[in-house]
1. Of the residues Glu53, Glu76, Glu70, Glu28, only one is charged (D, E, K, R), surrounded by 11 or more Cβ atoms within 10 Å (Cβ to Cβ) and more than 23 Å from Leu100 (Cβ to Cβ); which?
2. Would you pick out the residues in region 117-152 that are on the phi > 0 side of the Ramachandran plot and in contact (Cβ under 8 Å) with a residue 24 or more places away in the chain?
3. Consider only pairs whose beta carbons are under 7 Å apart and that are at least six residues apart or on different chains; among these, list those whose first residue lies in region 53-82 and is without any contact (Cβ under 8 Å) to a residue 12 or more places away in the chain and whose second residue is assigned to a helix (DSSP H, G or I).
4. Scan region 126-144 and tell me whether some residue there is outside any helix (DSSP H, G or I), of a type outside the set (A, V, I, L, M) and in contact with a Leu (Cβ under 9 Å, 6 or more places away or on another chain).
5. Please work out which residue is nearest to Pro124 (Cα to Cα), limiting yourself to region 23-48 and to residues that are outside any loop (DSSP other than H, G, I, E, B) and of a type in the set (D, E, K, R).
6. Select, from Gln34, Gln46, the only residue that is at pLDDT 95 or above, under 18 Å from Ala153 (Cβ atoms), of a type in the set (S, T, N, Q) and loosely packed, with under 14 Cβ neighbours inside 10 Å.
7. Can you tell me how many residues in region 65-96 are hydrophobic (A, V, I, L, M, F, W, C) and part of a loop (DSSP other than H, G, I, E, B)?
8. Quick one: is Gly83 of a type in the set (Gly, Ala, Ser) and under 18 Å from the mean Cα position of the chain (by Cα)?
Amino acid sequence: MDFRQLVTDRWSCRAYRPDQVPDAVMREMFEIAQRTPSWCNTQPWQVHVTKGEATRRFAKSLTAHAETHEETSDLEMPGGYHGVYRDRRRAAGYALYASLGISKEDWDARVAQRMKNFDFFGAPHVAIVTTDREQGTYGAIDCGGYVTNLLLAARSLGVATIP
């Protein structure tokens, strides 16, 4: 698959079959992503992968936490979404909810759909990508590059993903 086609064909999967991805495919996917360039070649990402019952337990725990705690972020959130950024964000949200048959006014259905993020849309695996706090912004940026390559590596091997 050529790169343009690979990037064009990647999409955010929001429904998964329960089948485990074969170990050989998982190894290849992570080997490809490991080639991601990083600041001073530090490769500051650590990846923890769940499967099977561990994924289900993690999803259940994360969902319970999300239901009972205010949302927080490890990084400072954007100050706002204005102009083209607001337009793009809204268009993506409207398209998602329209594809699911959820009206803008149906707040309960929108919240229920949002909560599916915390059970990983039923994905059989979860990859948690971290970096040491001391790596700061550079570590976070490098992890972003790594995640991008991981998503593209997965797609190249026929594995659907969502960041």
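The values are calculated or read from the model by the stated rules, or taken from the named source; none is laboratory data. Worth saying up front: this structure is predicted, and the values here are computed from it rather than measured. Quick reminder, even Gly has a Cβ in these numbers, built from the backbone with ideal geometry, and neighbours come from all protein chains shown.
1. Result of the check over Glu53, Glu76, Glu70, Glu28: Glu28.
2. Initially, region 117-152 is screened for residues on the phi > 0 side of the Ramachandran plot, giving 120-122, 136.
Residues satisfying the conditions are Phe120, Phe121, Gly122.
3. Pairs that qualify, where the first residue is without any contact (Cβ under 8 Å) to a residue 12 or more places away in the chain and the partner is assigned to a helix (DSSP H, G or I), are Tyr81/Arg89.
4. The first filter runs over region 126-144 and keeps only residues outside any helix (DSSP H, G or I), leaving 126-132.
Right, trim to of a type outside the set (A, V, I, L, M) and you get 130-132.
Next, from what is left, pick out any that are in contact with a Leu (Cβ under 9 Å, 6 or more places away or on another chain): none.
There is no residue in region 126-144 that is outside any helix (DSSP H, G or I), of a type outside the set (A, V, I, L, M) and in contact with a Leu (Cβ under 9 Å, 6 or more places away or on another chain).
5. The initial filter retains those residues of region 23-48 that are outside any loop (DSSP other than H, G, I, E, B), namely 23-33, 39-41, 45-48.
Next cut, of a type in the set (D, E, K, R) only: 23, 27-28, 31.
Numbers: Asp23: 12, Arg27: 16, Glu28: 17, Glu31: 20 Å.
For region 23-48, the residue satisfying everything is Asp23.
6. Working: Gln34 fails: loosely packed, with under 14 Cβ neighbours inside 10 Å.
After applying the criteria, what remains is Gln46.
7. Looking only at region 65-96, we keep the residues that are hydrophobic (A, V, I, L, M, F, W, C), and these are 66, 75, 77, 84, 91-92, 95-96.
When the remaining residues are screened for being part of a loop (DSSP other than H, G, I, E, B), the result is 75, 77.
Number of matching residues: 2.
8. On the way: of a type in the set (Gly, Ala, Ser): yes; under 18 Å from the mean Cα position of the chain (by Cα): no.
Here the answer is no, as Gly83 does not meet what is asked.
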